[in-house]
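Participant: One structure, as structure tokens, below. Some questions next.
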Amino acid sequence: MSSNDKNDDDKKLDEYKDKCKKEAEELVKHAFPRKVLELNSLLHSNKFDLEQLSKLKPDLNIPIPDPSVLHNASDQISGKKRKFEDVTDYAESLSFKVGSKVLCLPNGAVPSSSCVTEMVDTVKPHIRDVIEHANQIKMWIAYSIPRIEDGNNFGVGVQEDALAEAKQVETDAASFLDQISRYYLTRGNIIAKVAKYPHVLDYRRGVQEVDEKQALTMRLIVSELRNQYACLHDLIMKNLDKIKTPRSTNAENMY
């Protein structure tokens, strides 16, 4: 690679860094306040009202079998010596298979909680925005850190604190996405238990409890996202001069 090509690449890289720093600063000054107000408004909307919790009555679409039918089926299967094929044929004639794994449900698929799913679909774009914005802030501060020297490092310490805060915001937001995935996995496992043991009412109640917990969690996530934007904006704006110019030139002018 020729020296001219290398200089062109360095110039383009410097232009990219300057662009990143300018966009990030505009993001903090203008986009962050809008996000705080938007999330605060969302938090107080009907969709995230705490009264919604009382409306979370999951429709599992899994009927409770008649105990007398299952009892008679068990007696007929155990009281007579039949071939395995005959027992299977008889069990398949019932609404639920006796003594077998659940392969299908009599009334079709079990729906997700429409209320919780609506909350998740509303919040996930905001979580992705926080991750993207925190990453932009992180790169802006990283590009603004001067080379390592002795002395006059107070401003660099301020930059490091702001950088650590941006990294923490990014990590916390990513954990929110992981929490949403765990909710659906947990709910699915409990519903599988309901399908296998439809007469155990505690499993059915467990689905409702998981839905209520997740609805409350989604409200807390919205609150946390709002607070993250507000705190990050407050920290950066209070220390904007130190973040942009961490070292003063007073020491050099003294000599």
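What follows is calculated from the coordinates using simple rules that are stated; it is not laboratory data. A quick note: this is a predicted structure, and the numbers were derived from the prediction, not measured. Glycine also receives a Cβ, built like all others from the backbone with ideal geometry; neighbour counts cover every protein chain displayed.
Participant: Taking 32 Å as the cut-off for C-alpha to C-alpha distance, list the pairs among 47/193; 17/47; 21/47; 29/55; 124/238; 55/167 that go past it.
Facilitator: 17/47; 21/47; 29/55; 55/167
Participant: Semi-axes of the equivalent ellipsoid for region 121-255, please: Cα gyration tensor eigenvalues, times 5, square-rooted, ordered largest first, whole Å.
Facilitator: Numbers: eigenvalues 466, 30, 20 Å².
Semi-axes from the Cα gyration tensor: 48, 12, 10 Å.
Participant: Fully extended, how many nm does the chain gain between residue 59 and residue 132 (0.36 nm per residue separation, minus their Cα-Cα distance)?
Facilitator: On the way: separation 73, 0.36 × 73 = 26.28 nm, distance 3.65 nm.
Between residue 59 and residue 132, full extension yields an extra 22.6 nm.
Participant: With each pseudo-label sitting 7 Å past Cα toward Cβ, what's the residue 185-residue 29 distance in nm, one decimal?
Facilitator: In this crude label model, residue 185 to residue 29 measures out at 4.4 nm.
Participant: By average Cβ neighbour count within 10 Å, what is the ranking of 121-134, 181-194 from highest down?
Facilitator: Top to bottom by mean Cβ count within 10 Å: 121-134, 181-194.
Participant: Given points 7 Å out from each Cα along the Cα-Cβ axis, report the residue 161 to residue 196 separation in nanometres with one decimal.
Facilitator: 5.4
Participant: Which residue, chosen from 190, 221, 135, occupies the Cα position most advanced towards the positive end of the dipole of region 124-255, where the dipole is computed from +1 (Lys, Arg) and -1 (Asp, Glu) charges on Cβ about the Cα centre?
Facilitator: Farthest towards the positive end: 190.
Participant: Taking the Cα-to-Cβ direction at residue 237 and at residue 145 and moving 7 Å from each Cα, how far apart do the two end points lie in nm?
Facilitator: Each label point lies 7 Å from its Cα, and together they span 2.6 nm.
Participant: Turning to a different aspect of this structure: Which whole-Hz ³J(HN,Hα) couplings does region 177-191 yield from phi under the Karplus relation 6.51 cos²θ - 1.76 cosθ + 1.60, θ = phi - 60°, glycine and proline marked x?
Facilitator: Result, rounded to whole Hz: 5, 5, 5, 5, 4, 5, 4, 5, 5, 5, 4, x, 5, 5, 5.
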